[in-house]
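Since every read-out is calculated from the coordinates, none of them should be taken as a lab result. Just so it is clear, the structure is predicted and the values come from calculations on it, not from any experiment. Counting neighbours? That spans all protein chains shown, and the Cβs are built from the backbone with ideal geometry, glycine included.
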Amino acid sequence: MNPTTNISQPLESTAGVQPLAGEMSLRIQPGAGTASTSSPSAEGAANSRAGSAFEVVPPVPVPLPTHKDVFDSKPIQIWEGVVLSVDRNGMDVRLNAKLARLPEHTATIALEWIHDQDRDLARPGAIFYLTVFRKLSRGSVQNAQEIRFRRLPNWSNSDVLKVRAAASALAARMKDTDDAARP
Amino acid sequence: MPRALDYGRAPYADEIEVTIFGPGYGEALAVHLGGQRWMLVDSCTATGASEPASAEYLRQLNIPAENVKAIVASHWHDDHVRGMSRLVRQYPNATFFYPAVFSNKEAQAFLAAYSGEINPQLTRGTGELYRSLMSRERSVAVKNRVEILSGTSPEFRVFAFSPTDAALSQFLAHIFEYIPREDLSLPIGHAPPISPNLSSVVLHVDLGAEALLLGADLERHEAGWDAVIADEWCRGKVRAGVVKIAHHGSITGDHPDIWTQLAMQKPLGLISPFNNGRHTLPKAADVMRILSNTREAFITSGSSRKPKIPTDQLKRLQDMCTAIAPANAGFGAVRARRSTTAVEWQIELFGSAKRLSNSGSKAA
Amino acid sequence: MIRYAVVTPTLEIFGASIVSLGAFNPPILSLDWFCANGLIGAGDAETARSRDDYIVSRQVTRFQTELAEVQAIGNQLSISSTGPVSPALADLAVGIFDLLPHTRVDAIGLNFMAHYKVTDMALYHHVGDVLAPKRIWREVFPDGVAGLANLTILVQDGDRETNRFVSSIYKQITLQRSSKVTPGFFLQINNHFGAQAEDKPIERAKVAGSVVKENWDRCWSESQGLFERILNLALAEQVGVHK
């Protein structure tokens with residue numbers, strides 16, 4: 001049954017794609033007009049149309065995963081951190097709160113809190129996110145926190161070209177007039 | 001918004017003053033050279049404030065913008081340049097001085113890479129310095145023996161003691177691995193702190209009978225303080241009666257010969273702290289050493305380490321973190337002022353500033 | 001009898017997703033590719049690979065880590081939070097666009113969703129009554145009971161007189177009954193950024209990355225404020241007796 005026409009079972013949304021009820025096989029729908037960038041599950045089916053300039057295309061359903069590991073959560077605070085120094089006792093960090101105006105703080109975090117896969121990312125200057133959140137899973141509420149290091153790709157060739165261009169612009173701007181003057 | 005400090009009156013034309021600002025993480029100086037001529041060194045902001053501390057100071061004293069003759073960025077570290085680009089815009093008549101290391105193309109590429117222009121989220125000290133340099137038609141590279149400013153009525157000359165030529169080349173060697181290149185597999189990230197600090201500009205302000213020695217963050221190293229003290233030209237300058245203590249009082253920023261070769265006996269000491277997690281400066285041993293080398297010393301902010309986080313959030317953070325402390329322990333300023341004919345400096349403390357003492361900071 | 005009440009709905013669940021429309025090549029966006037380019041750690045990749053919902057094919061790629069579920073089909077790429085929402089979600093999207101600069105991206109949606117709880121069913125019904133007045137529905141269906149099931153509002157810079165939209169950037173806000181919080185509401189905001197006509201197709205991935213970098217934080221903080229404002233305004237209406 002199409003959930004959008006069933007008011008007794010309102011649409012619900014998770015963070016992932018959900019199939020239309022009853023649909024278990026992959027099915028491609030032809031696109032029509034401008035598709036929607038909202039989370040596909042909340043968009044529902046193709047029945048909602050917001051006008052000719054904003055025609056929506058339903059998401060392509062895929063088999064629903066078990067989602068047994070997905071849990072709902074509510075962030076309490078997210079600290080964006082910068083690693084200042086690292087030694088065997090831990091890493092010294094500077095923390096800035098993202099979800100409220102709180103003063104900048106420093107702290108020390110033991111290395112055991114860092115995932116093995118992130119250990120090589122823990123170096124001075126690295127950015128990480130320390131999320132303090134409430135985890136809701138199977139009816140229970142737990143306090144939890146996690147550290148996730150920022151992962152950005154390597155500087156690309158186009159980035160390198162941009163750096164060179166910005167450096168050239170800087171050099172052109174800096175017209176030294178008194179350089180190495182010795183009295 | 002923090003409550004503004006009341007800085008009282010502006011200096012008279014025949015008064016010299018040096019004021020150091022510090023929020024716990026950050027340092028800036030405002031120097032009145034007499035005759036309504038001002039020099040600003042570095043930049044910091046009080047917690048919650050958007051205006052740089054020295055700009056707020058000058059605004060309160062009703063100092064016209066055109067009276068600021070020089071702005072010096074002693075080095076590129078975040079705690080010394082916060083708000084610098086705004087200062088530079090606010091005082092367009094002031095010449096902007098920067099460490100000569102950044103005259104080099106590789107160093108310029110380093111600044112550009114980490115300026116935030118290419119990756120918006122990368123912006124710390126390097127971004128402020130980059131924007132400051134880009135906003136100026138005229139900026140001057142500074143290294144040892146370069147004259148910053150001079151004037152008469154009253155007479156003064158400001159020179160740089162550093163960075164040395166050896167420091168320039170060592171700095172470039174250090175930053176090379178962090179400059180993006182096609183053949184380098186380098187993850188995008190913030191510019192890491194480069195240690196030791198060799199690019200720092202130490203300033204000598206010659207006032208005739210005595211001098212001010214503004215030590216920035218220069219560290220003891222063959223290309224740092226060792227080279228400055230070994231330079232006969234530097235040793236030949238007027239001795240300092242006021243020393244802005246280098247590198248927040250750390251042992252790495254100290255050199256015994258500063259006190260025997262560059263300063264008068266037992267000068268006045270000015271210092272800003274540095275709160276950096278476990279590594280806070282000055283440590284107790286540093287305080288003892290500073291007090292043994294000065295007749296008295298003053299620090300811009302206190303030592304309060306109590307976190308300023310709501311209790312429930314703090315408890316959660318403590319599950320993972322130790323030594324949680326505010327980066328800024330209270331904003332303060334220390335002003336040393338005297339007339340050109342006087343010998344003694346008058347000290348005034350503002351905000352969280354205190355006299356430095358062995359038993360923990362206490363009010364003067 | 002009229003009661004006045006000052007109540008604040010409480011946030012219970014929060015999630016986010018980044019959805020891109022364009023032309024994507026699912027086989028490229030494999031776990032190995034993400035791992036080799038440093039966008040996903042080896043541990044996360046291994047966990048995702050071991051799950052039975054991991055798919056890599058010509059038509060679809062799908063995998064799930066503790067941070068996000070990533071799904072790519074021909075015309076859509078979605079990255080949805082599976083755990084607590086983190087700025088790392090935006091980093092992942094930016095990383096993809098930076099590494100695939102010639103991908104055609106026609107639009108980006110920065111989406112945030114939340115479940116809010118209200119204190120009692122009367123207030124829950126009140127919100128529905130305020131946002132979708134029942135008078136017409138009761139006239140049309142005199143024997144039935146009508147209630148708000150789903151409300152979607154489109155908001156964009158536009159000309160109010162002609163009601164014409166003037167750009168391809170808009171917000172779409174959806175409100176439904178929450179299936180996870182009772183009594184409560186589910187709200188979602190889709191911050192839609194469409195490619196501009198003057199954007200060269202070959203540069204659109206670069207533009208898409210910039211859109212994420214420049215708007216993610218702002219949209220995140222704005223969304224929660226908007227959700228609470230919508231609910232608070234509805235709740236702040238006079239609380240009457242419900243028949």
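Miscellaneous remarks
- Inverse mean reciprocal Cα-Cα distance (Kirkwood Rh) of chain B, Å: 20.6 Å
- Choice from B:MET288, B:MET39, B:MET264 showing the highest fluctuation, given a GNM over chain B with Cα pairs closer than 10 Å: B:MET288
- GNM top mover of B:SER132, B:SER150, B:SER272 - chain B, alpha-carbon springs below 10 Å: B:SER150
- Fraction of beta bridges assigned by DSSP in the range B:81-229 that are antiparallel (%, nearest 5): 75 percent
- Among the residues of A:80-89, the average count of other protein chain beta-carbon atoms within 10 Å of the residue beta-carbon is 3.
- Mean ellipticity per residue at 222 nm, deg cm²/dmol - from DSSP H runs of n ≥ 4 across chain C, formula -39500 (n - 2.57): -10000 deg cm²/dmol
- Measuring nothing but how far apart in sequence close Cα pairs (under 8 Å, 6+ apart) lie, relative to its length, chain B scores a relative contact order of 16 percent.
- Among B:23-30, B:210-217, A:100-107, B:163-170, the order from most to least packed when residues are scored by Cβ within 10 Å on average: B:23-30, B:210-217, B:163-170, A:100-107
- Size descriptor for the range B:108-241, Kirkwood hydrodynamic radius: 16.6 Å (Cα pairs only, one decimal).
- Estimated [θ] at 222 nm from DSSP helical runs (n ≥ 4, -39500 (n - 2.57)) normalised by residues in chain B, nearest 500: -5500 deg cm²/dmol
- Residue exposure sequence - B:LYS244, C:LYS117 - by fewest surrounding Cβ within 10 Å: C:LYS117, B:LYS244
- Rounded tilt (10° steps) of C:121-131 against the dominant C-alpha axis of chain C: 80 degrees
- Alpha-carbon spread of the range A:72-149, three principal axes, descending order, Å: 40, 31, 16
- Relative contact order of the range A:72-149, taken over Cα pairs closer than 8 Å and 6 or more residues apart, is 35 percent.
- Virtual spin-label span in nm between C:GLU222 and B:ILE251, 7 Å along Cα→Cβ: 5.3 nm
- Per-bin percent of Cα-Cα distances, the range C:1-132 [5 Å]: 2, 9, 17, 19, 14, 9, 6, 7, 7, 5, 2, 1, 0, 0
- Separation of the A:GLN142 and C:ALA36 label points, Cα + 7 Å toward Cβ, nm: 3.6 nm
- Cut-off 17 Å (backbone N to label point 7 Å along Cα→Cβ of B:HIS174), residues of the range A:75-90: A:84-86
- Antiparallel content of DSSP bridges confined to chain B, in %, to 5: 65 percent
- Listing C:TYR116, C:TYR170 from fewest to most neighbouring C-beta atoms within 10 Å gives C:TYR170, C:TYR116.
- Counting Cβ atoms of other protein chains within 10 Å of each Cβ in B:91-103 and taking the mean gives 1.
- When the listed pairs B:LYS315/C:LYS117; A:LYS135/B:LYS315; A:LYS74/C:LYS180; B:LYS315/B:LYS354; B:LYS237/B:LYS266 are checked against a 20 Å cut-off, the alpha-carbon distance exceeds it for B:LYS315/C:LYS117; B:LYS315/B:LYS354.
- Per the Debye calculation on chain C with a single equal scatterer at every Cα and no solvent contribution, log₁₀ I(q)/I(0) for q = 0.10, 0.16 Å⁻¹ amounts to -0.59, -1.14.
- Residue exposure proxy: B:PHE21, B:PHE159, ordered by other Cβ atoms within 10 angstrom of their Cβ from fewest to most, comes out as B:PHE159, B:PHE21.
- Exercise: per-residue mean of other protein chain Cβ atoms within 10 Å, B:6-14: 0
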